[in-house]
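Chemist: Sharing a structure here in structure tokens format.
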Amino acid sequence: METGLTLTRDMMLVLGLVGFTIVMFMIERIRADATALVVLVALGLTGLVPANQLFNGFSGNAVIAVIATMILGAGLDRTGALNRLAVWLLRVSKGMEERLILLTSTMAGLISGFMQNPSVMALFLPVAARVSGRSGIGLSRLLLPVAAAIVMGGGLTMIGNSPLMLLNDLLVAANGNLPSGVATLKPLPMFAPLPIGLALLAIGLVYFRWLGPKLLGQGEEKGVAPSRTQSYFANAYGIDGDVFELSVTAESPLVGMSVGEAEAQRDAPLFLALLSGNEARLAPPADQMIWVGSVLGVMGPREAIQDYAQKNLLRMSARLRNFADLFNPSRSGISEAVLPPTSTFIGKSQAQLQLRKRFGISLLAINRDNQVWREDVRRMPLKAGDMLVFHSIWTDLAQASESRDFVVVTDYPKGEQRPHKLWWAIGVFVAAMSLALTTLVPVPIALMAGAAAMMLAGVLNMDEAYAAVSWKTVFLMACLIPLGWAMDSTGAAGWLAQQVLERIGPDVPIWVIEAAIGLLATAFALVIGNVGATVVMVPMAINVALAAGGSPLAFALIVALSASNNFLSVSNPVLAMVTGPAGYRSRDLWRTGAPLTLLYLVAVLVIVNLMF
């Protein structure tokens, strides 16, 4: 690195754009991706990045790899691979909470080494919901260990998270501005960070195994489990209570009754599901019979359900054992639909329409002229403009809505599941990862080949592939990459490195400088996210390493790993995804995340120094 660098106009412009980015990310006056786009345009208008290179970030290896991994993950999700994983986890853990949390976190962490962290969390949210519903473990005790494992497992490979994906592109760009005589920085191979990732994942698993119960509370449930109706029944309609399972005994007066007769009884709860023999279904038809051994899925306040069970000699289960899958919010839930004037439903009642028998839809309430009707809605003739409150499986609702007799106004999952393509999806995923390991072709090409194969095999169609990509993430990365180039090419990174070393002092050990760089990258990530921190810090870290006599690769790797060291704030997209469902508060994240952040940094520094 050159000595005695003076601050030039171009350096000030770049540093000004860095400051603008940090401030806008903090105050969130405009979206992060919009801020990145403004920065990109400013780099072009000021000439800090040549016009013919300005948009090269959109075709960068990191961006292509991110798009491909998102599509591959969507293919696994579409075929139900993760649902099968949930079943396996429940079977192997045998319902033991500690074992279940450990196994779920381990699997999530290992998978995150090959997919983007937010994509893995998106896939594991329904898995966690299913596991929680079946095991009775609160989501608040399950989601944070899983999220931490995903963040730490992202360090297993160079495609596990956005900072590591960006790192090789930034290393290649830095070669153009290295002082003469300095060895060229070579891109790191796919499994270069594997020892670090394994150590981090092990630390996270041990941390939550021994300290988790104390930090997360014993049995405290902050969030909403999938078996609780609040997660998919609108409070606006006053449909309160929980879902319970009632087993029909030989002495019950319900034996031999139809579902319609049973729910017509006074004080009867809402009948939402029925298990008869080996067949479990939502929205049982009114003429379906109830026999000894049948299991009813009913909804209502606990006290009312207990009274009903006692009066009718039914056994009430403590948790959902048979209907957890059916009541999973990712598979079924509440929806609202409006009757248009052209509907053939007008003038007919639910009993006449047989909504449950024909479509698998339960009518829970009718909103007519701002008045909600919940009693005896089966016999109310419907009118144009009625708002109907349904409960159903989402795929059944989508199929029924094709008739145009009602218009669904609720956003709900409409994606077609393709379980028959499961092994195609798994085979393509494994083949793509294996090709990426061989170095026969660059990693982005191997991953995009897998994405193309997903579509050729019929696992996804093109529209679904487009929908699987988080274009906000793509724009954020592609627009900020040129800012990193400008940091390097204008000398702003070198000037910052000079200022840092002048303040630290010349006789400080290398590991102290590395620790300072790691802490600074962690702090930046809390404010501007992991992508922004990586883009800003890697050029500076390389210059600091050259001036201090350290390894530029080691310093750059410390930055990329430290940029993901965020267990404290929802600026980490993985934590943002679990905070709502689990009901975590800021103090929960700080209480559990602060010690983990320090352990993460120490592990990174120790192992990077052993490697380099």
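Quick note: the coordinates plus some simple rules give every number you see, no bench work behind them. Remember, it's a predicted structure, so these values are computed and weren't measured experimentally. Cβ coordinates were reconstructed from backbone atoms using ideal geometry, including for glycine residues, and neighbour counts include every protein chain displayed.
Chemist: In the stretch 369-457, which trypsin sites (Lys or Arg not before Pro) are in a loop and have at most 16 other Cβ atoms within 10 Å, using DSSP for the loop call?
Modeler: R374, K383, R404, K414
Chemist: Separate question: Can you list the aspartates and glutamates whose alpha carbon sits under 18 Å from that of K311, skipping same-chain ones fewer than 8 residues off?
Modeler: Hits, sequence-local ones excluded: E245, E251, E261, E263, D267, E303.
Chemist: To continue, here is another question. Ranked from highest to lowest mean number of other Cβ atoms within 10 Å per residue, what is the order of the peptides 68-75, 99-106, 56-63?
Modeler: The packing order, highest mean first, is 68-75, 99-106, 56-63.
Chemist: Could you derive backbone 3J(HN,Hα) for the stretch 451-464 from the dihedral phi with the Karplus parameters 6.51, -1.76 and 1.60 (θ = phi - 60°), listing whole Hz in sequence and x where the residue is Gly or Pro?
Modeler: Karplus-based 3J(HN,Hα) across the stretch 451-464 equals 4, 5, 5, 4, 7, 5, 7, x, 6, 9, 9, 4, 4, 5 Hz.
Chemist: Follow-up. Please tell me the relative contact order of the chain in percent, rounded to the nearest whole number, where contacts are Cα pairs under 8 Å and at least six residues apart. Mind dumping the intermediate values first?
Modeler: Numbers: 1091 pairs, mean separation 122.2, N = 612.
This gives 20 percent for the chain.
Chemist: Would you mind ranking Y466, Y584 by Cβ crowding within 10 Å, fewest neighbours first? Please list the in-between numbers first.
Modeler: On the way: Y466 12, Y584 22.
In increasing order of surrounding Cβ atoms, one gets Y466, Y584.
Chemist: Ok, one more. When only C-alpha pairs under 8 Å and at least 6 residues apart count, what is the relative contact order of the stretch 343-422, in percent?
Modeler: 32 percent
Chemist: If you take the square roots of the eigenvalues of the alpha-carbon gyration tensor of the stretch 332-408 and sort them as a ≥ b ≥ c, do you get rounded (a/c under 1.5), prolate (a/b over b/c) or oblate?
Modeler: On the way: a/c = 1.38, a/b = 1.24, b/c = 1.11.
Since a/c stays below 1.5, the shape of the stretch 332-408 is classed as rounded.
Chemist: Could I ask something else about it? What ranking do 532-541, 246-255, 331-340, 43-52 get when scored by the average of other Cβ atoms within 10 Å per residue, highest first?
Modeler: Going by the mean number of other Cβ atoms within 10 Å, highest first, we get 532-541, 331-340, 246-255, 43-52.
Chemist: List, in order, the whole-Hz ³J(HN,Hα) value for each residue of the stretch 531-537 obtained from phi through the Karplus relation with A = 6.51, B = -1.76, C = 1.60 and θ = phi - 60°; use x for Gly and Pro.
Modeler: Each residue's phi maps through the Karplus curve to give 5, x, 4, 5, 4, 6, 8 Hz.
Chemist: Next question, about the same structure. So what's the gap between the Cα centers of the stretch 1-78 and the stretch 572-608, to the nearest angstrom?
Modeler: The stretch 1-78 and the stretch 572-608 have Cα centres spaced 26 Å from each other.
Chemist: Treating cross-link reach as a plain straight distance, find the aspartates and glutamates whose alpha-carbon is under 12 Å from the alpha-carbon of K214, omitting any fewer than eight places away in the same chain.
Modeler: Result set, ordered by chain and number: D588.
Chemist: Let me have the relative contact order for the stretch 1-131, percent, based on Cα pairs under 8 Å that are six or more residues apart.
Modeler: Answer for the stretch 1-131 is 19 percent.
Chemist: Residue by residue, what Karplus-based ³J(HN,Hα) values in Hz, rounded to whole numbers, does the stretch 545-554 have, using 6.51, -1.76 and 1.60 with θ = phi - 60° and x for Gly and Pro?
Modeler: 4, 5, 6, 8, x, x, 8, x, 5, 5
Chemist: Right, another one. For T410, what residues show an amide H to amide H distance below 5 Å, using hydrogens built from the backbone and excluding near sequence neighbours?
Modeler: Distant-sequence amide H within range of T410: E336.
Chemist: What does the charge dipole of the chain about its Cα centre add up to, to the nearest 20 debye, if the Cβ of each Lys and Arg holds +1 and the Cβ of each Asp and Glu holds -1?
Modeler: Its charge dipole is roughly 840 debye.
Chemist: Another one. Using a cut-off of 18 Å between alpha-carbon atoms, which aspartates and glutamates can reach K383, once sequence neighbours fewer than 8 places away in the same chain are excluded?
Modeler: The reachable aspartates and glutamates, counting only those whose Cα sits under 18 Å from K383, are E336, D369, E375, D405.
Chemist: Tell me, L599, L296 in order of fewest to most beta-carbon neighbours within 10 Å?
Modeler: Numbers: L599 18, L296 27.
Listing L599, L296 from fewest to most nearby Cβ atoms yields L599, L296.
Chemist: Quick one: check the C-alpha center-to-center distance for the stretch 368-391 versus the stretch 428-479, whole angstrom.
Modeler: The distance from the Cα centre of the stretch 368-391 to that of the stretch 428-479 comes to 46 Å.
Chemist: Out of these labelled values of percent of Cα pairs over 41 Å apart, [x] 51; [y] 35; [z] 27, which was calculated from the coordinates shown here?
Modeler: Label of the calculated value: [y].
Chemist: If amide hydrogens are placed 1.01 Å from N in the peptide plane, which non-local residues have theirs closer than 5 Å to the one on Y584?
Modeler: Here the answer is none, since no amide H 5 or more places off falls under 5 Å of that of Y584.
Chemist: How would you order 256-269, 193-206 from highest to lowest mean count of nearby Cβ atoms within 10 Å?
Modeler: Descending mean neighbour count gives 193-206, 256-269.
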